[in-house]
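*Asks:* This is the structure I want to talk about, given as structure tokens.
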Amino acid sequence: MSRMPRIYRPPWGGPLRWQDDVTGVLPTAVRDYIHHQADRRHPVFPQQVELVRDYCEYYINAPCWRIDGAEESFATLRQQIKTLKTADEISKWIWECLKHGIDPL
């Protein structure tokens, strides 16, 4: 399974968007994850969950999120994403991101 390259957009180090993946693998995984969250009858496979988790880790590690006054909260999010295993865990993590004004997906 491929991993997100640790390449960020200049000049502030923003993350690449999952929609920009030309292979179609990451966009399919993200769409299946979102569809599964909306309708539990729609399957999302473990490999897809791991791809979404990996993208979220890439996203939260973007240099642009190194913000004075928010570093402690972001450090917690950076640690948490490393251990998530399920679609539901990722969903809860994304809700925490939304509280900080960022939406990985």
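The values are calculated or read from the model by the stated rules, or taken from the named source; none is laboratory data. Since the structure is predicted, the reported quantities are computational estimates derived from the model, not experimental observations. Cβ sites come from the backbone with ideal geometry, for glycine too, and all protein chains shown count toward neighbours.
*Asks:* Are any residues in the range 24-38 free of Cβ contacts under 8 Å to residues at least 12 places away in the same chain and either of a type in the set (Phe, Trp, Tyr) or loosely packed, with under 10 Cβ neighbours inside 10 Å (or both), and if so, which ones?
*Replies:* If the condition is that a residue be free of Cβ contacts under 8 Å to residues at least 12 places away in the same chain and either of a type in the set (Phe, Trp, Tyr) or loosely packed, with under 10 Cβ neighbours inside 10 Å (or both), then GLY24, ALA38 are the ones that fit.
*Asks:* Another question about this same structure. List, please: which pairs have Cβ atoms under 9 Å, are six or more places apart or on different chains, and start with a residue in the range 41-57 that is aliphatic (A, V, I, L, M) and end with one that is modelled with pLDDT of 95 or more and loosely packed, with under 13 Cβ neighbours inside 10 Å?
*Replies:* Here the result reads VAL49/LYS85; VAL49/THR86, each pair linking the range 41-57 to a residue that is modelled with pLDDT of 95 or more and loosely packed, with under 13 Cβ neighbours inside 10 Å.
*Asks:* Quick one: would you say GLU57 is within 13 Å of the chain's Cα centre (by Cα), crowded, with 16+ Cβ neighbours inside 10 Å and acidic (Asp, Glu)?
*Replies:* yes
*Asks:* So, one more: For the range 64-86, state whether one or more residues are touching a Gly at 6+ places or on another chain (Cβ under 6 Å) and surrounded by 12 or more Cβ atoms within 10 Å (Cβ to Cβ).
*Replies:* Yes, the conditions are met somewhere in the range 64-86.
*Asks:* Looking at this structure, is VAL49 at pLDDT 95 or above, surrounded by 14 or more Cβ atoms within 10 Å (Cβ to Cβ) and on the phi < 0 side of the Ramachandran plot?
*Replies:* The answer is yes for VAL49.
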